[in-house]
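Student: The structure follows.
The values are calculated or read from the model by the stated rules, or taken from the named source; none is laboratory data. These numbers come from a predicted model, not from an experiment. Cβ: placed from backbone, ideal geometry, glycine included. Neighbour counts: every protein chain shown. Side chains included, ligands, DNA and RNA excluded: accessible areas come from the protein's heavy atoms. Shrake-Rupley method; radii C 1.70, N 1.55, O 1.52, S 1.80 Å.
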Amino acid sequence: MSTILVVEDDPIARNFMVQVLTGQGLRVFEADTAAEALTVCSALKDQALDLVIADHVLPNTTVRNLAERILEFCPHVKIIHVSAFTFSRMEQENELVPGSSFLQKPFTGDQLINLVQQTLNPRKQ
């Protein structure tokens, strides 16, 4: 079973993602701030954290800054950026972590699940 951390400051968006992912039988933790996300990652460091799905803009930081800090705890973790901005804008502003995936808001539950599956199991897609 894969373990995922959802980091999103909008409770409606966060709850949507958590419900979609847990409905697929995934183990999901959630955080609404970067500080809370880092606390969860620190607590999970002895367990496998497979994926972080994080909103582009969080209070006091960006997903790139957060992802770089999370990768210190869990260097193998995969990252999905979610943002209302386009991929090209995120790329242009150097906000994407190399090797990460991107999902533009708004998105459906099926789009989320498909990208999660592709990110966690790239050879199976």
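Student: Looking only at the range 72-99, which residues are part of a helix (DSSP H, G or I), without any contact (Cβ under 8 Å) to a residue 12 or more places away in the chain and of a type outside the set (Lys, Arg)?
Tutor: Just the residues of the range 72-99 that are part of a helix (DSSP H, G or I), to begin with: 72-73, 87-92.
From what's left, without any contact (Cβ under 8 Å) to a residue 12 or more places away in the chain: 72, 88-89, 91-92.
Within the range 72-99, Glu72, Ser88, Glu91, Gln92 qualify.
Student: Can you pull out every residue in the range 1-27 that is surrounded by fewer than 18 Cβ atoms within 10 Å (Cβ to Cβ), of a type in the set (A, V, I, L, M, F, W, C) and not in a loop (DSSP other than H, G, I, E, B)?
Tutor: Residues satisfying the conditions are Ile12, Ala13.
Student: May I pose another question? Given the options Asn114, Asn65, name the one that is in a helix (DSSP H, G or I) and closer than 19 Å to Asn15 by Cα.
Tutor: Numbers: Asn65 fails: closer than 19 Å to Asn15 by Cα.
None of the others qualify; the one that does is Asn114.
Student: Say whether the condition of being open to solvent by less than 30 Å² (accessible area, probe 1.4 Å) and among the charged types (D, E, K, R) is met by at least one residue in the range 28-51.
Tutor: no
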